[in-house]
1. Return the residues of the range 98-133 that are part of a strand (DSSP E or B) and at pLDDT below 95; say none if nothing qualifies.
2. Among the numbered criteria (1) farther than 26 Å from T118 by Cβ; (2) crowded, with 17+ Cβ neighbours inside 10 Å; (3) at pLDDT 90 or above, which one does G47 miss?
3. Here is a list: Y14, Y54. Which entry is of a type outside the set (G, A, S) and either within 17 Å of the chain's Cα centre (by Cα) or part of a helix (DSSP H, G or I) (or both)?
4. Hey, among K192, K182, which residue is loosely packed, with under 12 Cβ neighbours inside 10 Å and of a type in the set (D, E, K, R)?
5. So which of I29, I95 ends up being open to solvent by less than 10 Å² (accessible area, probe 1.4 Å), at pLDDT 90 or above, in contact with a Leu (Cβ under 8 Å, 6 or more places away or on another chain) and not basic (K, R)?
6. Kindly provide the set of residues from the range 67-92 that are part of a loop (DSSP other than H, G, I, E, B) and either within 21 Å of E123 (Cβ to Cβ) or open to solvent by 30 Å² or more (accessible area, probe 1.4 Å) (or both), ordered by number.
7. Need the failing condition index for K35 against (1) modelled with pLDDT of 95 or more; (2) assigned to a loop (DSSP other than H, G, I, E, B); (3) more than 21 Å from Q189 (Cβ to Cβ); (4) not aromatic (F, W, Y), just the number.
8. Is it fair to say V197 is of a type in the set (A, V, I, L, M), at pLDDT 95 or above and in contact with an Asp or Glu (Cβ under 6 Å, 6 or more places away or on another chain)?
Amino acid sequence: MTKRAYIFRNPWLYSLSIRLLHFDGFKKIRDIIGKEKNVFEPACGFGRLQRYLYDSCSYSGIDLNEIFINFGKKRGLDIRIGNVLEESNYIKSDIIILCDILHHLTKDKIQEVVSIATKFAKEKIVIMEPAFVGLASGKGFFSRLAAKVFARVDFDGINNIEHWFTRQDYQKLFKHLKETNKFAGMKIQMSKGYYFVELIRV
């Protein structure tokens, strides 16, 4: 497999890239999560979402990027090496966050990750996905060019991106995940070019 994109080898550059893309829109996650919650994040990177949570929340996560995990651990975060497709790596938590991960996975793996997360989320799963990737989903020249650029820049060294979601694709996916995993409710918000989706257990 080819070498991961440079932003996945440099935590500082990755952090800057994320800030430029979402314009600090992740601040919205604080009120979605709430106070005094146990939060677990599969594919956590270096744990950047922890900074957006209330201080009363606890946070932990797993990722396969050793550079990012070591970077986060040096900053005192409770994160470790772990594969999101292995159930043994998960821990029971009030809320499980799936941030910037679904578009990296095949449809089968998306279902597998959400199915595992469902077993460990006591209250809900929160999905955060970039709506702007829809630019790469068309068949025209500029869409094909965007797809090539996005795939190269967003290659995490683990998963090859095989499909770019349109907004319609995302809506169908969220509905499918709610129904197949038998969630009691679902809330979808759009902010700063990102989807914030709450799959509610009870």
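The values are calculated or read from the model by the stated rules, or taken from the named source; none is laboratory data. Since the model is a prediction, treat every value here as computed from it, not as a measurement. Note that we place each Cβ from the backbone using ideal geometry, even for glycine, and neighbour counts take in every protein chain shown. SASA here: full protein model, heavy atoms, side chains in, ligands and nucleic acids out. Shrake-Rupley method; radii C 1.70, N 1.55, O 1.52, S 1.80 Å.
1. Matches in the range 98-133: C99, M128, E129, P130.
2. (1)
3. That would be Y14, the only listed residue that is of a type outside the set (G, A, S) and either within 17 Å of the chain's Cα centre (by Cα) or part of a helix (DSSP H, G or I) (or both).
4. Testing whether each residue is loosely packed, with under 12 Cβ neighbours inside 10 Å and of a type in the set (D, E, K, R) leaves just K182.
5. Testing whether each residue is open to solvent by less than 10 Å² (accessible area, probe 1.4 Å), at pLDDT 90 or above, in contact with a Leu (Cβ under 8 Å, 6 or more places away or on another chain) and not basic (K, R) leaves just I29.
6. Scanning the range 67-92 gives K74, R75, G76, L77, N83, V84, L85, E86, Y90, I91, K92.
7. Result: K35 passes all but (3).
8. Working: of a type in the set (A, V, I, L, M): yes; at pLDDT 95 or above: yes; in contact with an Asp or Glu (Cβ under 6 Å, 6 or more places away or on another chain): no.
Considered against the rule, which asks whether it is of a type in the set (A, V, I, L, M), at pLDDT 95 or above and in contact with an Asp or Glu (Cβ under 6 Å, 6 or more places away or on another chain), V197 comes out as no.
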